[in-house]
Amino acid sequence: MTSTDLATLADLLAGPVVPAARGLLGCLLTAGEVTVRITEVEAYAGTAGDPASHAHRGRTPRNAVMFGPSGHAYVYFTYGMHWCVNVVTGPEGEASAVLLRAGEVVDGLDLARARRLAVRRDVDLARGPARLCAALGIDRAVYGADLLGDGPVRLRPAVAPVPAIAAGPRVGVTGALDVPWRFWIDGDPTVSAYRRHVPRRRRT
């Protein structure tokens with residue numbers, strides 16, 4: 001990788017969220033001595049009219065990093081048990097971000113397996129946003145990290161061209177259900193299953 005490659009990735013992340021999301025496919029994310037090749041992502045447009053975004057209603061202590069520079073990590077806790085990691089994109093104040101949904105473990109496989117003891121197949125180690133964070137050892141401590149720097153959590157450009165990219169609705173969102181802003185490497189076995197959000201029935 002050259003400094004030019006990293007600068008190109010930085011420029012991509014500083015631009016619109018959808019091209020940034022597509023461009024993140026095939027990139028490498030290293031954390032906790034494990035590296036994954038990103039195979040599935042979701043784009044969220046922040047304050048730009050996207051009701052599925054955590055920043056849709058404005059800045060909060062939880063989403064504050066989304067309003068800062070691009071290339072930083074937005075990490076959040078969900079369902080009281082799982083961590084998910086996003087890459088902040090776009091100009092400062094826009095609050096767009098890309099959720100990293102799935103990846104292929106390409107380095108540190110034994111450590112990823114040790115963190116995911118219940119997983120039988122290697123393709124399932126980082127298949128889904130919570131599993132990806134678990135395999136990488138990502139938690140709240142990564143919140144706000146500069147992913148393009150030389151710290152313990154690093155995002156780097158793809159080392160090989162990405163084949164065909166597919167697109168479809170985002171998973172489990174309660175707003176903008178049919179916006180096709182989930183992108184994945186077509187045919188890759190590590191891509192997670194699509195599940196449309198189903199509202200819970202109220203008890204009567």
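The values are calculated or read from the model by the stated rules, or taken from the named source; none is laboratory data. Just so it is clear, the model here is predicted, and its values are computed rather than measured. FYI the Cβ positions are ideal-geometry reconstructions off the backbone, even for glycines, and counts take in every protein chain you see. Only protein heavy atoms, including side chains, enter the accessible area calculation; ligands, DNA and RNA are left aside. Shrake-Rupley method; radii C 1.70, N 1.55, O 1.52, S 1.80 Å.
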field: Hits in the stretch 65-95 - residues which are closer than 24 Å to Asp178 by Cβ and more than 12 Å from the chain's Cα centre (by Cα)
entry: Met66, Thr78, Tyr79, Gly90, Glu94, Ala95
message: Whether any residue in the stretch 181-192 is of a type outside the set (Ser, Thr, Tyr) and within 17 Å of Tyr76 (Cβ to Cβ) is what I want to check.
response: no
- request: Answer yes or no: is there a residue in the stretch 105-115 that is touching a Ser or Thr at 6+ places or on another chain (Cβ under 8 Å), under 14 Å from Pro189 (Cβ atoms) and surrounded by 19 or more Cβ atoms within 10 Å (Cβ to Cβ).
  value: yes
message: Restricting to the stretch 121-133, name every residue that is of a type in the set (D, E, K, R) and open to solvent by 30 Å² or more (accessible area, probe 1.4 Å).
response: Arg121, Asp122, Arg127, Arg131
query: In this structure, does Arg62 turn out to be open to solvent by 10 Å² or more (accessible area, probe 1.4 Å), charged (D, E, K, R) and over 12 Å from the mean Cα position of the chain (by Cα)?
result: yes
query: Does the stretch 169-184 contain at least one residue that is over 22 Å from Arg22 (Cβ atoms) and open to solvent by 30 Å² or more (accessible area, probe 1.4 Å)?
result: yes
- prompt: From the list Val123, Val106, which residue is assigned to a helix (DSSP H, G or I), more than 13 Å from the chain's Cα centre (by Cα) and of a type outside the set (Lys, Arg)?
  reply: Val123
- prompt: Considering the stretch 48-67 alone, what residues qualify as being over 9 Å from Ser96 (Cα atoms) and among the polar types (S, T, N, Q)?
  reply: Thr60, Asn63
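This table checks each residue for (1) farther than 25 Å from Thr35 by Cβ; (2) touching a His at 6+ places or on another chain (Cβ under 8 Å); (3) at pLDDT 95 or above.
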| site | (1), (2), (3) |
| --- | --- |
| Val159 | no, no, no |
| Ala166 | no, no, yes |
| Gly172 | yes, yes, no |
| Gly175 | yes, yes, no |
| Ile185 | no, no, yes |
| Val191 | no, no, yes |
| Arg195 | yes, no, no |
| Pro199 | yes, no, no |
| Arg203 | yes, no, no |
message: Cβ-Cβ distance below 8 Å, separation of 6 or more or different chains: which pairs start in the stretch 7-21 with a residue that is within 13 Å of Pro69 (Cβ to Cβ) and end on one that is aromatic (Phe, Trp, Tyr) and open to solvent by less than 40 Å² (accessible area, probe 1.4 Å)?
response: none
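Table: residues versus (1) assigned to a helix (DSSP H, G or I); (2) open to solvent by 10 Å² or more (accessible area, probe 1.4 Å); (3) over 15 Å from Glu40 (Cα atoms).
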{"residue": "Gly80", "(1), (2), (3)": "no, yes, yes"}
{"residue": "Glu92", "(1), (2), (3)": "no, yes, yes"}
{"residue": "Ala97", "(1), (2), (3)": "no, no, no"}
{"residue": "Ala102", "(1), (2), (3)": "no, no, no"}
{"residue": "Val119", "(1), (2), (3)": "no, yes, yes"}
{"residue": "Ala135", "(1), (2), (3)": "yes, no, yes"}
{"residue": "Gly144", "(1), (2), (3)": "no, yes, yes"}
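Out of Ser53, Ser70, report the one residue that is in a loop (DSSP other than H, G, I, E, B) and open to solvent by 20 Å² or more (accessible area, probe 1.4 Å).
Of Ser53, Ser70, the one residue that is in a loop (DSSP other than H, G, I, E, B) and open to solvent by 20 Å² or more (accessible area, probe 1.4 Å) is Ser70.
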